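In what follows, a structure is listed as structure tokens, so that the remarks can point back to it.
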Number of protein chains: 2
Amino acid sequence: MNIAFIGIGVMGRGMVANLLKAGNDVQVYSRRRESAQEVVAQGAVWHDSIKGCVREADVVITMVGFPKDVEEVYFGQGGIILSAKPGATLIDMTTTSPKLAERIYSVAKEKGLQALDAPVSGGDTGARNGTLAIMVGGDEDAFLRCAPVFEAMGKTIRYAGSAGKGQHTKMANQIVIAGAVSGVAEAIAYAKAAGLDVNEMLGTITGGAAGSWQLANNGPKMAEGDYRPGFYIKHFIKDMSLAHEEAADRGLSLPVLDTALAAYRQLADEGYGDEGTQAIIRKYDKE
Amino acid sequence: MNIAFIGIGVMGRGMVANLLKAGNDVQVYSRRRESAQEVVAQGAVWHDSIKGCVREADVVITMVGFPKDVEEVYFGQGGIILSAKPGATLIDMTTTSPKLAERIYSVAKEKGLQALDAPVSGGDTGARNGTLAIMVGGDEDAFLRCAPVFEAMGKTIRYAGSAGKGQHTKMANQIVIAGAVSGVAEAIAYAKAAGLDVNEMLGTITGGAAGSWQLANNGPKMAEGDYRPGFYIKHFIKDMSLAHEEAADRGLSLPVLDTALAAYRQLADEGYGDEGTQAIIRKYDKE
């Protein structure tokens, strides 16, 4: 299949490599050409503009940073909506607003294009190994047609419903994580204050009802003060802010999400936005 | 070994059965004689008083409800401290205050007794199957001497340090759970408000960074409205209140724990204290 891929960051590199491995022709565009060097060496074709990149593609995939970046690549001058060939399917894999996903879907439809929202979880490791979880919203026939594309990049691939539902599923995922990672941080802060051996405590509780991916993976990092990013604080803030807005739009108050969001915003204000989400433990360390 | 076991509730029954299976002589006492029928049929010996129950025992185990019950069985008229034989080891397996554990330890020591605090996690299933996690505080030699007793009841058995440290480890466990279960509830509330298929959403996210025991076990119960108790709200409130107090004593603020505690207290006020902790989803359902 002829696939255009826009946004070659740490996630995009792994995903393009897997699309190439599966035998697709992949056209790439990114803000900075250097980002694409690795995938071009693997066989992807570089283009200097979005227009050139997407013109011949059957499927256009976007994996950029923030909602404003998504708006720009879809709706900007020489953007995807105006440049894609009739009948193409547009797949936004950025975690972004469900409302924006619905808007892309509607505008695309008017132009004879189909759009899917397909955010992922699994991080750069999942992108590299082709084991991402992919949550897809949009028309089911478009989803089914793109199944081979998703299967090249992910392991758990689920159709979540109409346009925006992929993004809503990702929001739910991030809300679960907000509670889990906060609980782990508060327990470690408590354990330190109570004079426990933190690693011993983690080893004791990890197999029971307190057990989680966050406890197993971010607990030891918090204990050691290893704040290197697996998942950036600045991106988690974006996701939680979107979830907060969508909940508020529905009259729903999520106090634990809001508490976590406030803590992360404070950390970002203090200059820690490029650290990993486990750095939430900093908030308790200084108290 | 001659073991006295005080407090034959849903946990105590399983634990006594496993102590008997391991070849111990077990003396039992409980507030209500009927509670002990099953273990007496299995070979435990009933006593009408704490004094009679503990008099000849090498090891005295308590598994009662609340800190005030612990105080009563240890310090009351005819209680354990005054009735245990010299050299006996007292093990409180109730989840209770670290401060109370330290007090029992000190008073016991003055009387020539040794005391361990050894709260558990794993619920009634763990008690029945002998797979509890047991977190032990007190003198290490007493812990080592009691190893066969713990091994009869549990799988993960860890020495956490001086008196009170077993309870502190359990507090850390409950703090992790408070964040995790709240995050799951908020995500399910969000998913319902956003029109997602909740079970489909849970299936999509369970294998990734949002994955946890709480998501896998309490998520589907929340989705179905099954509020039967695995772990009672009233007991979780007790544990979280103790954790809050201990944190506050150390000048530590745990906002996510406090948010969960407030939600559960509200539910208990509304009459849901005998439901399982997954019933926290009720708080969002009415909003």
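Okay, here's what the table says:
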item: Relative contact order %, the stretch B:2-163, counting alpha carbon pairs below 8 Å whose residues are six or more apart; result: 21
item: Qualifying lysines (Cα of each under 22 Å from Cα of B:LYS234; at least 8 residues distant if same chain); result: B:LYS68, B:LYS99, B:LYS170, B:LYS221, B:LYS283, B:LYS286
item: Translational diffusion of the stretch A:94-167, µm² s⁻¹ [Kirkwood Rh, Cα pairs; Stokes-Einstein; 25 °C; 0.890 mPa s]; result: 201
item: Volume per residue that the Cα convex hull of the stretch B:1-138 spans, once the total is divided by residue count, Å³; result: 91
item: Relative contact order (%) - chain A, alpha-carbon pairs under 8 angstrom, separation at least six; result: 14
item: Amide H within-cut-off set for A:ILE91, under 5 Å, with H built and near neighbours excluded; result: A:VAL60, A:ILE61, A:THR62, A:LEU116
item: For q = 0.08, 0.12, 0.14 Å⁻¹, Debye-computed log10 I/I(0) when each Cα of chain A counts as one equal scatterer; result: -0.36, -0.77, -1.00
item: Using a 7 Å Cα-to-Cβ projection, B:SER35 label spacings across copies, nm, ascending; result: 6.2
item: Pairwise Cα inverse-distance average, inverted: Kirkwood Rh of the protein assembly as shown (Å); result: 25.6
item: Interface burial for B against A (accessible surface, 1.4 Å probe, total of both chains, Å², rounded to 100); result: 4700
item: Accessible area per residue in Å² at 1.4 Å probe, computed on chain A; result: 38
item: For the stretch B:33-45, 3J(HN,Hα) per residue [Karplus equation, 6.51 cos²θ - 1.76 cosθ + 1.60, θ = phi - 60°, Hz, x = Gly/Pro]; result: 4, 4, 4, 8, 3, 4, 6, 5, 4, 7, x, 6, 9
item: Using θ = phi - 60° and Karplus 6.51 cos²θ - 1.76 cosθ + 1.60, couplings along the stretch B:132-142 (whole Hz; Gly, Pro as x); result: 4, 8, 10, 10, 10, x, x, 6, 5, 5, 5
item: Share of carbon and sulfur in the accessible heavy-atom surface of the stretch A:169-285 [1.4 Å probe, %]; result: 46
item: Nearest-10 value in Å² for the accessible area of B:LYS283, using the 1.4 Å probe; result: 30
item: Shape of the stretch A:1-64, Cα gyration tensor, a/c cut at 1.5; result: rounded
item: Among the listed pairs B:LYS85/B:LYS109; A:LYS21/A:LYS111; A:LYS109/A:LYS238, those beyond 22 Å (Cα-Cα); result: A:LYS21/A:LYS111; A:LYS109/A:LYS238
item: Within-15-Å neighbourhood charge of A:GLU34 [Cβ basis; K, R +1; D, E -1]; result: +2
item: Equivalent ellipsoid dimensions for the stretch B:169-285 as semi-axes, Å, which come from the Cα gyration tensor, largest first; result: 24, 16, 12
item: GluC sites (Glu not before Pro) lying in DSSP loop within the stretch A:242-271, provided at most 14 other Cβ fall within 10 Å; result: A:GLU270
item: Interface residues in the stretch B:143-167 - accessible area drops by 30 Å² or more relative to the isolated chain, probe 1.4 Å; result: B:ARG158, B:LYS165
item: Candidate residues B:SER162, A:SER212: accessible-area rank, largest first, probe 1.4 Å; result: B:SER162, A:SER212
item: Built amide H within the under 5 Å cut-off of A:VAL28, gap 5+; result: A:PHE5, A:VAL45, A:TRP46, A:HIS47
item: Kirkwood Rh and Cα Rg combined as Rg/Rh, the stretch B:216-287; result: 1.01
item: Residue-level accessible surface for A:LYS234, protein heavy atoms, 1.4 Å, Å²; result: 80
item: By accessible area with a 1.4 Å probe, ligands and nucleic acids excluded, highest first: order of B:TRP213, B:TRP46; result: B:TRP213, B:TRP46
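The values are calculated or read from the model by the stated rules, or taken from the named source; none is laboratory data. Every value quoted in this text rests on a predicted model; they were computed, and no experiment measured them. Backbone-built Cβ (ideal geometry, glycine too); neighbour counts: all protein chains shown. Calculation scope for accessible area: heavy atoms of the full protein, side chains included, ligands and nucleic acids excluded. Shrake-Rupley method; radii C 1.70, N 1.55, O 1.52, S 1.80 Å.
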